[in-house]
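Undergrad: Have a look at this one before I ask anything.
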Amino acid sequence: MMSKAKRQLILMAGAILSSSLLSGQGKWGADSVQCYENYQIYYQMYKSKQYASAYDGWNYVYTNCPEATKNTFIFGPKIIKGQIKATTDPAAQAELVGQLIAMYQKRLDVFPGKEGYVYGQQGMDLMKYKKDEPKEAYDAFMKAYAADPANLPAAVLNGVFVSAARLYNKKVFSVEEVFATYNLVSEAIQNTTDNIYRKQASYDKMLADSVQLDAKQQKDTAALSRELVRFDQVNGNVEKILAPIATCEKLQLLYNETTFAENQGDADWLRRASKMLSKERRNADGEMEDCTDLPIFFKIAEENYKLEPSAISARAVGKLAWSRKDYAKAVEYFKEASDKEVDPNKKADDYLKVAISYQKLGQYASCKTHAIKAAGLKKRWGDPYLLLAQIYGAAEGVWGSNAVEKKASYWAAIDKANYAASIDPEAKAMAAKLIASYKKRIPDKAIAFQLGSKEGDRINIGSWINESVIVEFF
């Protein structure tokens, strides 16, 4: 409880305020002393994190003198949420939730500015407290996007798409509206993360040039890394939600001869269509698949590349070359995509596609080089190692002078498949299949013994494989 002396001090301050700051009379309301006293009460409670206890004082200021201080709106969300938590009556809770949501618009009416942030926070609270009404959250998020599309935090962009997906599940949104929201969100994420990667690259160059980062720059690099983690997590969540919606069957309803004819000169439409159709997803067998076998993809990819040569369009034409089994041309386009890309994860994907193209061409040394490049850019990713396992498994006889040495590449293949499974849960299914196949092909134990090789021996494989393996019989 507040002491008598402290209460008297607040009253005196309020009296001074009301008598000496006549120009502020309107700001502090008709009873400036009461407003100032309640402000001090809730302010002290807020500072000591007694949010529910701060509610009555806060509510008086919010109701009677909202223009007095912006703190009323800055502190308001935590105070109201504290009161919601402390309230057991559902009707009273609903009334408080209504006040919380309305407070955001009132803040902008009284203190305009930071609309993107304020509407974003409103949307987040609508998602939390009014889960059954996703349209309200979606509308708030879209106001935030309209106000400040380039600076929305990861959580808000996640909210935009989650609320759209909920509306789709409620049969309020069409699949077209979901895809439109996805394009908006994914492009906002990409723009933000691309800027982060560029900033990180500038710091990396400074370090490479032996330039010591000052304290502010070190703090900035740490903040950039944290932001990148947040946006990567949101991107993963958005892609996971989208996967069951963006089937090839549904995409074909949007991207077909009719819609292509209507949008042939629209670079944005072509870019988004190309991206959606070439989006990869892992199937039940652990393999990656997409919708590039739809006939319209050919026209979209080529037209997109003509209008807008970019990482996205070069990537799409590379996949088009794959579909035509023109793997030399695929190498050319996927390399172009990697050169234009700033996101290391997407660059890694491009390198892996270059590697796969070289695999198709039978150029295993080049395949290995680019698979290793891909693995170096994206940590804990099993796919490059699965590819190495496959080319090692296809390399029987490329090196060695006897039956054991010629088949030693199978041990190298098993090692790489095991490693892929150890770092990447999504690689386990494919790794298990490869390992089971290669175990059947390792040298016979008796023959190996006759040739001077026993379990536990080490063999250094030469040629482009260049791996050291341990002799092991299963």
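The values are calculated or read from the model by the stated rules, or taken from the named source; none is laboratory data. Not measured: the values here are computed from a predicted model. Quick reminder, even Gly has a Cβ in these numbers, built from the backbone with ideal geometry, and neighbours come from all protein chains shown.
Undergrad: Quick check: is even one residue across segment 443-452 over 11 Å from residue 386 (Cα atoms) and in contact with a Gly (Cβ under 6 Å, 6 or more places away or on another chain)? Give the steps one after another, and end with the answer.
TA: Going residue by residue through segment 443-452, those that are over 11 Å from residue 386 (Cα atoms) are 443-452.
Filter once more, keeping what is in contact with a Gly (Cβ under 6 Å, 6 or more places away or on another chain): none.
Taking every residue of segment 443-452 in turn, none turns out to be over 11 Å from residue 386 (Cα atoms) and in contact with a Gly (Cβ under 6 Å, 6 or more places away or on another chain).
Undergrad: Something else about it: Can you pull out the helices (runs of 4 or more DSSP H) entirely within segment 388-474 that have at least 3 residues that are more than 30 Å from residue 281 (Cβ to Cβ)? First the steps, then the outcome.
TA: Values: elements: 403-407, 409-423, 428-439, 445-450.
Answer list for segment 388-474: 403-407, 409-423, 445-450.
Undergrad: Test of understanding: among 157, 167, which residue is touching a residue at least 60 places away in the same chain (Cβ under 8 Å) and within 14 Å of residue 241 (Cβ to Cβ)?
TA: Working: 167 fails: touching a residue at least 60 places away in the same chain (Cβ under 8 Å).
The conditions single out 157.
Undergrad: Something else about it: Under the condition of being touching a Phe, Trp or Tyr at 6+ places or on another chain (Cβ under 7 Å) and over 30 Å from residue 165 (Cα atoms), which residue from segment 204-260 is surrounded by the fewest Cβ atoms within 10 Å (Cβ to Cβ)?
TA: 213
Undergrad: Across segment 155-178, which residue is surrounded by the most Cβ atoms within 10 Å (Cβ to Cβ) among those that are farther than 21 Å from residue 272 by Cα and of a type in the set (A, V, I, L, M)?
TA: That would be 156.
Undergrad: Go through (1) within 30 Å of residue 167 (Cα to Cα); (2) part of a helix (DSSP H, G or I) and name the single condition residue 113 misses.
TA: (2)
Undergrad: Okay, moving on. I'd like the residue in segment 268-293 that is in a loop (DSSP other than H, G, I, E, B) and polar (S, T, N, Q) and, out of all such residues, is modelled with the lowest pLDDT.
TA: The initial filter retains those residues of segment 268-293 that are in a loop (DSSP other than H, G, I, E, B), namely 278-280, 283-287, 290-293.
Going one step further and asking which of them are polar (S, T, N, Q), we end up with 278, 283, 292.
On the way: 278: 89, 283: 67, 292: 89.
Result: 283.
Undergrad: Please tell me if residue 118 is in contact (Cβ under 8 Å) with a residue 40 or more places away in the chain, part of a helix (DSSP H, G or I) and out of contact with any Cys (no Cβ under 9 Å at 6 or more places or on another chain).
TA: Working: in contact (Cβ under 8 Å) with a residue 40 or more places away in the chain: no; part of a helix (DSSP H, G or I): yes; out of contact with any Cys (no Cβ under 9 Å at 6 or more places or on another chain): yes.
No; evaluated as a whole, the condition is false for this residue.
Undergrad: I would also like to ask the following. For the list (1) in contact with a Ser or Thr (Cβ under 9 Å, 6 or more places away or on another chain); (2) in contact (Cβ under 8 Å) with a residue 40 or more places away in the chain, I need the number of the one condition that residue 196 fails.
TA: (2)
Undergrad: Would you say residue 252 is assigned by TED's automatic domain parsing to the domain that holds residue 162 and under 19 Å from residue 182 (Cα atoms)? Give the steps one after another, and end with the answer.
TA: Working: assigned by TED's automatic domain parsing to the domain that holds residue 162: no; under 19 Å from residue 182 (Cα atoms): yes.
When the stated conditions are applied, residue 252 does not pass them.
Undergrad: Those residues that are more than 40 Å from the chain's Cα centre (by Cα), of a type in the set (D, E, K, R) and surrounded by 12 or more Cβ atoms within 10 Å (Cβ to Cβ), I need them from segment 451-474; list them, please.
TA: 457, 472, listed by residue number.
Undergrad: Would a scan of segment 173-191 turn up a residue that is touching a residue at least 60 places away in the same chain (Cβ under 8 Å), aliphatic (A, V, I, L, M) and either more than 30 Å from residue 103 (Cα to Cα) or in contact with a Phe, Trp or Tyr (Cβ under 9 Å, 6 or more places away or on another chain) (or both)?
TA: yes
Undergrad: If you don't mind, another one. Within segment 339-354, is even one residue touching a His at 6+ places or on another chain (Cβ under 7 Å), assigned by TED's automatic domain parsing to the domain that holds residue 421, under 19 Å from residue 305 (Cβ atoms) and buried (at least 20 other Cβ atoms within 10 Å of the Cβ)?
TA: There is at least one residue in segment 339-354 that is touching a His at 6+ places or on another chain (Cβ under 7 Å), assigned by TED's automatic domain parsing to the domain that holds residue 421, under 19 Å from residue 305 (Cβ atoms) and buried (at least 20 other Cβ atoms within 10 Å of the Cβ).
Undergrad: Does residue 128 meet the test of being in the same structural domain as residue 240 (by TED's automatic domain parsing), free of Cβ contacts under 8 Å to residues at least 24 places away in the same chain and basic (Lys, Arg)? Outline the logic, then answer.
TA: Working: in the same structural domain as residue 240 (by TED's automatic domain parsing): no; free of Cβ contacts under 8 Å to residues at least 24 places away in the same chain: yes; basic (Lys, Arg): yes.
No.
Undergrad: Something else about it: Go through (1) within 21 Å of the chain's Cα centre (by Cα); (2) buried (at least 16 other Cβ atoms within 10 Å of the Cβ); (3) under 20 Å from residue 383 (Cα atoms) and name the single condition residue 276 misses.
TA: The one condition residue 276 does not meet is (3).
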